[in-house]
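Right, one structure below, let's go through it.
A short reminder: the numbers here are calculations on the coordinates, not readings from a lab. In this text the structure is predicted, and so the values were computed from the model without any measurement.
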Amino acid sequence: MKTKWFVIAALSMSFALVRLASAAAEHEHKEGEEKIPATVGGIWAEVKEHEEQLGNIIAGKKLDKVHEVAFEIRDLVNALPDKSMDLPADKLAKLNSNAKYVAEIAKRLDESGDAGDAVNAKAQADRLAKLLQDIETLYPKDALHAAHTAEDAQGYTHHN
């Protein structure tokens, strides 16, 4: 009789572990899978597109999708300094600092989305929008709004 209960308990634990692993995999945050355009203009176009997606996700209360877009924006912004070596040193330093803050906001957006907290997700998205405006001012006028080049269309680099 003890063996029967032991087997039942062992099977129950196995089932619980499989469900837990499945739930964790389902909620896995897809980081580092975004392809990074080859130029600053291409990166910025992607950032702005993702920013719009983030706003739509929050407005639509699809908070379980916030983390994907937030981390994609983070990865794109983190790619800007390496492609912005022609910026003056003070602006490049500010860009690096802002990129770190974007990463922090992405983390907060993820936490807000996970908690189903639409109010905080919106507040974080507003902070992100302001920070992206600040980043835009670091570049010469129209530098970030240059059209995608053929290199961007075909020369994406995979970012991990």
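Going by Cα centres, region 121-143 and region 40-110 are how many Å apart?
One Cα centre to the other: 9 Å.
Provide the gained length on full extension for the span GLU104 to ASN56, in nm with one decimal, where the gain is 0.36 nm per separating residue minus the Cα-Cα distance. Please list the in-between numbers first.
Details: separation 48, 0.36 × 48 = 17.28 nm, distance 2.09 nm.
So the extension gain works out to 15.2 nm.
Please turn the phi angles of region 48-61 into ³J(HN,Hα) values with the Karplus equation 6.51 cos²θ - 1.76 cosθ + 1.60 (θ = phi - 60°), one per residue in order, whole Hz, x for glycine and proline.
For region 48-61, the Karplus curve yields 5, 5, 5, 4, 5, 4, 4, x, 5, 5, 5, 4, x, 6 Hz.
Greater than 27 Å separation of Cα atoms is the criterion. Which listed pairs, LYS35/LYS100; LYS61/LYS94; LYS35/LYS107, meet it? Numbers along the way, then the final one.
Working: LYS35/LYS100 20 Å; LYS61/LYS94 33 Å; LYS35/LYS107 20 Å.
Beyond 27 Å between Cα atoms: LYS61/LYS94.
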